[in-house]
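Report on the structure given below.
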Amino acid sequence: MTRNRLAVSAISIAAVISVGSATRFVVTRQTGQGVKASAAAATVHRPRVLGVRPCAHAVTGPEDVVLRGTIGGWIATHPATSVTIWRTDSTCPIDVGGANNTLALLPASNEKLLTTTAALMSLGPQYRFTTRLVVATSTSLARISHGTLAAPVTLIGSGDPVFATSAYSHSYLGANGDTLNALASRARHPLGVAGPTLTRIVGSLRVNGTVFDSRSVSPGWTAADIGSIQPLSGAASNEDFAGDSQGSVVSSPVLATAQRLRAALHGARISTVGAVGAGPLPSHPTTIAAVTSPTISSIARIMNVPSDDFIAEQLLKALGASAHAPGTSAAGAAVVRRDLAALLGVIRPGSRVSDGSGLSRGDRESSLSLAWLILDAQRNLAWGGPLLASLPTAGQGTLRTRLHGLAGRVHAKTGTLNDVSSLTGTIRASDGKTYTFSILCNGLKSAQIQAAHNFQDAIVQRLAHGVAG
């Protein structure tokens, strides 16, 4: 799991995908329920896949001697490896190489492919999280006198994984979507521009994050994992890092967001008098101001290019909340299993979804499962287009030093733990053919990670320059 984080643009790129005559699925859109806070429910559009694949299995193609030698030589000394390589611009995928393709292994950050897919399918590519600033009743707003609101104000967290200050968002998340500072600025005119201007709040500033449960870590993580990621929260801000940079983490996400809210209000020329901290959800809230996140499609790219573990785990809890609030990691994992098994048939014997990021030692996937997922993405562009567009190409994010010369032709998700290296994606060959590949390597020593990268890159480079089949 690569821990490096990059400031990336969240503008979706167009994935270069060639599927030939292979499309056999009908895609429609259906209205469903989104992430629910007890105060409000969001309506989302969920892409649905109808029908079955034209082929239940890959067909055998001509064997490529170079691929066979590369894979065989690696597996001779690294048996805990699963490889699937298909040509995928035909009706049925053509198997041009692989080994142990049903062997379920630790996927590391390749697990984010499943999390991203479930978010795109269950919430919808255009879904946006909404964070609101509210007072308890509408009569509170009617009592604004000389710019002063004499009532507590509550920020209702939505589980938005990229809710942040303007400074943090600009540095790490890309300048798209609303920010905490925009929320504070909009509070200046709670009744619209024709109403009074709010300049002072006399009452406590509260933050409510009960859209998620109170667990700040995934139940599947070890003590080492817990030390490598920020605490999870339904009212997170700045990815729960302290300050506006990625250094130390906050001890109380809700309190940190409350303090950031106060600072943002002061920056918007709204003074505050009262305590800051956690607070209950008002029974009849009236909205003062609201902001929305980037779309799920954009969030997927913000997450997958640098492989951001925090965003993945927040999305998993958001999926849990879409089924039943408060959102939990376990409920989110159940949504992932449900969607991918029922709609795609990707979840296979041996597959286990324990978390959203791939940090958990309980996750298990095979290269065959991940290859089917990537193939289905190419053939169901309503959700698959955003999934593939969220993956880095050569020279970007976690591929910034890999696969030289293939920028724009390869789109792939990496995954790295101390003993794991994985790579799954698509490549357009120089002759126009399209290949889908998934390569999972387990049981490595730390010093062997680079060798695993070299093995994976050699396969992709071979595919890029043409193979038999």
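Figures for the structure shown
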| read-out | value |
| --- | --- |
| Residue tally, condition of a type outside the set (D, E, K, R) and assigned to a loop (DSSP other than H, G, I, E, B), over the range 72-106 | 14 |
| Matching residues, the range 118-136, being among the charged types (D, E, K, R) and more than 14 Å from the chain's Cα centre (by Cα) | Arg132 |
| The listed residue being among the hydrophobic types (A, V, I, L, M, F, W, C), assigned to a helix (DSSP H, G or I) and within 26 Å of the chain's Cα centre (by Cα), out of Ala325, Ala318 | Ala318 |
| Unmet requirement for Arg128, which otherwise passes all of (1) in a helix (DSSP H, G or I); (2) at pLDDT 95 or above; (3) out of contact with any Phe, Trp or Tyr (no Cβ under 7 Å at 6 or more places or on another chain); (4) not β-branched (Val, Ile, Thr) | (1) |
| Residue among Thr148, Thr77 that is over 30 Å from the mean Cα position of the chain (by Cα), touching a residue at least 12 places away in the same chain (Cβ under 8 Å) and on the phi < 0 side of the Ramachandran plot | Thr148 |
| Members of the range 70-89 that are crowded, with 18+ Cβ neighbours inside 10 Å and small (Gly, Ala, Ser) | Ser82 |
| Single unsatisfied condition, Thr115 versus (1) of a type outside the set (Phe, Trp, Tyr); (2) over 19 Å from the mean Cα position of the chain (by Cα); (3) within 30 Å of Cys55 (Cα to Cα) | (2) |
| Selection within the range 179-215 - aliphatic (A, V, I, L, M) and touching a residue at least 24 places away in the same chain (Cβ under 8 Å) | Leu180, Ala182, Leu183, Ala184, Ala187, Leu191, Leu198, Ile201, Val202, Leu205, Val207, Val211 |
| Tally, over the range 151-169, of residues that are in contact (Cβ under 8 Å) with a residue 40 or more places away in the chain and either in a helix (DSSP H, G or I) or of a type in the set (D, E, K, R) (or both) | 3 |
| Flag for Thr401 being buried (at least 20 other Cβ atoms within 10 Å of the Cβ), among the polar types (S, T, N, Q), at pLDDT 95 or above and assigned by TED's automatic domain parsing to the domain that holds Ile459 | no |
| Search result, residues across the range 423-441 that are among the polar types (S, T, N, Q) and in contact with a Ser or Thr (Cβ under 7 Å, 6 or more places away or on another chain) | Thr424, Thr426, Thr434, Thr436, Ser438 |
| Considering residues of the range 404-416 that are hydrophobic (A, V, I, L, M, F, W, C) and buried (at least 24 other Cβ atoms within 10 Å of the Cβ) only, the residue farthest from Tyr127 (Cα to Cα) | Val410 |
| Candidates Ser329, Ser369, Ser354, filtered to the one that is out of contact with any Asp or Glu (no Cβ under 6 Å at 6 or more places or on another chain) and more than 23 Å from Phe163 (Cβ to Cβ) | Ser369 |
| Selection within the range 264-281 - of a type in the set (Gly, Ala, Ser) and at positive phi | Gly274, Gly277 |
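Residues checked against (1) in contact with a helix residue (DSSP H, G or I) (Cβ under 7 Å, 6 or more places away or on another chain); (2) assigned by TED's automatic domain parsing to the domain that holds Cys441; (3) surrounded by fewer than 20 Cβ atoms within 10 Å (Cβ to Cβ):
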| site | (1), (2), (3) |
| --- | --- |
| Lys317 | yes, yes, no |
| Ala323 | yes, yes, yes |
| Gly327 | yes, yes, no |
| Gly350 | no, yes, yes |
| Asp363 | yes, yes, no |
| Leu370 | yes, yes, no |
| Pro386 | yes, yes, no |
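The values are calculated or read from the model by the stated rules, or taken from the named source; none is laboratory data. Keep in mind that what you see is a predicted model, and the values were worked out from it rather than measured. All Cβ positions, even for glycine, are placed from backbone atoms using ideal geometry, and neighbour counts span all protein chains on display.
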